[in-house]
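Only one structure is covered here, and it is reproduced in the block below.
Every read-out reported here was derived from the displayed coordinates using simple, explicitly stated rules and does not represent laboratory data. Note that this is a predicted model, so its numbers are computed, not measured. In this analysis, Cβ positions are derived from the backbone assuming ideal geometry, glycine residues included, and neighbour counts consider all displayed protein chains.
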């Protein structure tokens with residue numbers, strides 16, 4: 001019964017989030033705001049997002065300001081298995097059902113001197129799924145998701161060392177530079193960079209182009225059951241679609257999204 005109640009609550013929260021976003025669009029078009037057709041409880045649904053990185057991923061997700069959704073974003077500085085275990089601890093610090101959803105964000109980050117790293121990557125994904133935690137992974141790194149905002153990299157292998165230069169190739173015309181150094185100044189997502197990621201390019205928002213590209217690449221993967229073999233790919237698009245309330249192809253036009 002408790003599980004059924006949780007599913008009902010989750011569905012209600014998703015409907016609330018979706019209807020609120022639709023009302024934002026109606027207001028922008030000058031259309032009347034529709035009354036809610038269902039009862040809701042006070043307060044926004046809350047999603048816990050626990051990130052491997054303390055800078056890039058955390059900065060990125062904290063930039064989303066959605067009036068109908070509360071995002072609690074934490075950067076812990078751990079990866080794969082240890083990250084998932086810490087996520088379980090943070091979720092269990094709260095009462096059951098406190099968070100509508102719990103997400104882990106981490107990279108495959110293969111290391112030649114640590115052949116077990118990719119096995120740990122797979123094990124972390126399986127542990128998360130077993131523990132009712134959703135995963136937004138990138139192989140090799142989160143910067144691959146950022147690159148998809150600018151170009152359609154069709155899943156070809158790409159060493160993470162190439163990400164910075166390729167990303168900066170697209171950012172230089174905007175007077176921006178992505179710094180992948182490991183100190184506190186590096187790997188951050190500035191407001192200016194985030195605006196470029198959301199901006200229109202050839203009539204479409206870049207973030208929505210990234211979703212389409214990542215989704216298309218993921219659908220073509222032959223080894224989804226073995227993510228360590230799925231270079232280059234990312235499932236970050238699942239989490240971004242959840243945040244933006246995108247559920248179908250029509251909404252993926254992103255023409256009327258408000259941030």
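Here are the numbers for this structure:
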| item | result |
| --- | --- |
| Model label zone, residue 116; criterion: amide N under 17 Å from point 7 Å along Cα-to-beta-carbon; scope the stretch 75-94 | 79-85 |
| Semi-axis lengths (Å, descending) of the ellipsoid that matches the C-alpha gyration tensor of the stretch 104-196 | 26, 15, 13 |
| Theoretical gain in end-to-end length, residue 54 to residue 200 [0.36 nm per residue, Cα-Cα removed] | 49.7 nm |
| Extension reserve of the residue 176-residue 86 stretch, reckoned as 0.36 nm per residue once the Cα distance is removed | 29.0 nm |
| Extension gain from residue 212 to residue 226, taking 0.36 nm per residue of separation minus the Cα-Cα distance | 2.8 nm |
| Alpha carbon Rg of the stretch 39-253, scaled by the compact-globule rule 2.2 N^0.38 Å | 0.99 |
| Spin-label pair residue 132/residue 219, simplified geometry with 7 Å Cα→Cβ offset, distance in nm | 3.1 |
